[in-house]
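Below is one structure, written out as structure tokens, with a few remarks after it.
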Amino acid sequence: MAQKKKPAVDPVRAKAAQMRQAQERADRRTRIIVISAVAAIVLAVVAAVGGVIWKQQAQVNAARNVDASDVLGIYADGRPVIVTGNGVVTAADPNLPTLTEYFDYTCHVCADLDVAAGKDLTTWAAQGYYNLELQPVITVNMDYLKPATSASLIVAQKAPDK
């Protein structure tokens, strides 16, 4: 039998195989670039979110570690704000009667009382008829109670004429 000759490499087939391999390499390179870019973007977003959370947590921790007396001054121990004929003072005039108003910034009944009589009570105390002790208390305990009470005590301490 005659020995079969291997067919010669067809140049068209060789070129097609070469082009196919080149295309596969290009596709692989494109896929790697896209996956790398997406991974980099995801990592950047995760890092940004993590940074924001870390910064907010640091601010929360810093706020929790503040000494109340640094912020609220003399009112940190729970004493009332006292209004007399001399304005907002630290001690009531012992020669005058004292009216103590217990209130909660989140209490609707307290708000109704303040609308009805609050201005008169404050005016008469400022005119020297009596000492007015404004004692914040917790009755309803809504979310904004503590910030509102703290804000009013800071104003009483830092700007009592307001």
Can you tell me what share of the DSSP beta bridges in the chain is antiparallel? A percent to the nearest 5 is fine. 50
Using Cβ counts within 10 Å as a stand-in for footprinting exposure, how do T106, T122 rank, fewest first? T122, T106
Charge context of L121, other residues only, Cβ under 14 angstrom, K/R +1, D/E -1: -4
Mind checking the full-extension length gain between V46 and V34? Use 0.36 nm per residue of separation minus the Cα-Cα distance, one decimal, nm. 2.5 nm
Connecting every pair of Cα atoms under 10 Å apart in the chain and solving the GNM, the largest mean-square fluctuation among K15, K119, K146 falls on K15
Taking each pair of distinct Cα atoms in the chain once, what is the resulting Kirkwood hydrodynamic radius in Å? 22.7
Sorted on mean Cβ neighbours within 10 Å (highest first), peptides 84-97, 25-38 come out as 84-97, 25-38
In whole percent, the Cα-Cα distances of segment 68-158 spread across 10 Å bins from 0 upward as 18, 46, 32, 4
Are there DSSP H segments in the chain that both extend 15 Å or more along their axis (alpha-carbon positions) and score a mean Kyte-Doolittle hydropathy of at least 0.0? List them, or say none. 11-64, 145-158
Net charge contributed by nearby residues that have their C-beta within less than 12 Å of A17 (K/R +1, D/E -1): +1
Defining a contact as two alpha carbons under 8 Å apart and six or more residues distant in sequence, what relative contact order in percent does segment 1-137 show? 23
Hey, any idea what the orientation-averaged projected area of the convex hull of segment 10-65's Cα atoms comes to, in nm²? 3.3
Show me the ranking of peptides 127-133, 137-143, 52-58 by mean Cβ neighbours inside 10 Å, starting with the highest. 127-133, 137-143, 52-58
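Just so you know, all these numbers are worked out from the coordinates, no wet-lab data involved. None of the values given here were measured: they were computed from a predicted structure. Quick reminder, even Gly has a Cβ in these numbers, built from the backbone with ideal geometry, and neighbours come from all protein chains shown.
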